[in-house]
1. Out of the residues in the range 54-80 meeting the condition of being touching a helix residue (DSSP H, G or I) at 6+ places or on another chain (Cβ under 9 Å) and open to solvent by 70 Å² or more (accessible area, probe 1.4 Å), tell me which one is farthest from E2 (Cα to Cα).
2. Can you name the residue in the range 29-53 that is in contact with a helix residue (DSSP H, G or I) (Cβ under 8 Å, 6 or more places away or on another chain) and of a type in the set (D, E, K, R) and is also farthest from F88 (Cα to Cα) among such residues?
3. Name the pairs whose Cβ atoms lie under 8 Å apart, with the first residue in the range 79-96 and free of Cβ contacts under 8 Å to residues at least 60 places away in the same chain, the second open to solvent by 70 Å² or more (accessible area, probe 1.4 Å), and 6 or more positions between them or separate chains?
4. Just need a number here: residues in the range 100-114 that are surrounded by fewer than 18 Cβ atoms within 10 Å (Cβ to Cβ) and assigned to a helix (DSSP H, G or I).
5. Is it true that L132 is open to solvent by 30 Å² or more (accessible area, probe 1.4 Å) and either closer than 20 Å to T78 by Cβ or at pLDDT below 95 (or both)?
6. Scan the range 41-54 and give yes if some residue there is in contact with a Leu (Cβ under 7 Å, 6 or more places away or on another chain), assigned to a helix (DSSP H, G or I), over 30 Å from Q112 (Cα atoms) and not β-branched (V, I, T), otherwise no.
7. Consider F188 against the criteria (1) surrounded by fewer than 19 Cβ atoms within 10 Å (Cβ to Cβ); (2) assigned to a helix (DSSP H, G or I); (3) without any contact (Cβ under 8 Å) to a residue 24 or more places away in the chain: it satisfies all of them except one. Which criterion is unmet?
Amino acid sequence: MEPESAKLYQAGHKQTAVKLLAQKLQTDMTHADWFLQLASYLTAGGAEDQAEEILLRARTLFPQEQTILYNLAVIYDTTGQTQRAQTFLNQITDPRLQADVLYLRAQAQKKQNHPAQALAYALTAAEQKPYLADNQLLVGDLLVQLHEFAQAQNYYQKAVQLQPTAASYFKLALTKMVQGTAGFQQDFATSQKLDPKYFQKHEQQVGEIERYLQTQMEGDSQNDS
């Protein structure tokens, strides 16, 4: 990683960091990690087309660097070019990247509404890299799709422990609420405190779950009578 631009980026001077790194790459193109660094900055800023251009250029310079293939796959997956993403993933053989490849494959299957197939990939990714909160969250999301709320809760709990974000607390609270488990109100409160905008954006899910539970209760009551 190029340290000067990284320092600027971390300090919030993101455009300056991008310009500096782009200028350095014009005179020194011997660092594959600089290309990856610049592509990550561009992708984070929503400039996926520019990031793609940088990575394709890097690919010609460093044909053996499979991290470049993975980052291209991420961009194509993000922009909805699922088949193109899979083409690049199929070229990756580096065992160090296999968990990441499985994560992306799971994401692709999820987008195609194949939660069971996605779960198989996601579980393996989580087994290989259990220290990544994103892996735990993805497994939890897929288990929720399959209405396996108790299992989903376990994975969301792991995600909270690894990376206590508004999203992880919110999802944990939802699964607790569905099961009638104590403590979900506190988890919702923590989510709101960590990121009020996220909580407000997803708050309607709480009402949807409450309506779902009410419907279930009414159905059980009718069956009992």
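The values are calculated or read from the model by the stated rules, or taken from the named source; none is laboratory data. All figures in this text were calculated on a predicted structure; none of them were measured in a lab. Using ideal geometry, Cβ is built from the backbone for each residue, glycine included, and neighbour counts are taken over all protein chains shown. Each accessible area value is taken on the protein alone, full model and side chains, heavy atoms only, with ligands, DNA and RNA left out. Shrake-Rupley method; radii C 1.70, N 1.55, O 1.52, S 1.80 Å.
1. Only one residue fits best here, namely T78.
2. Only one residue fits best here, namely E48.
3. T82/K111; T82/Q112
4. Residues meeting the conditions: 1.
5. Details: open to solvent by 30 Å² or more (accessible area, probe 1.4 Å): yes; either closer than 20 Å to T78 by Cβ or at pLDDT below 95 (or both): yes.
Considered against the rule, which asks whether it is open to solvent by 30 Å² or more (accessible area, probe 1.4 Å) and either closer than 20 Å to T78 by Cβ or at pLDDT below 95 (or both), L132 comes out as yes.
6. no
7. It fails just one condition, (1).
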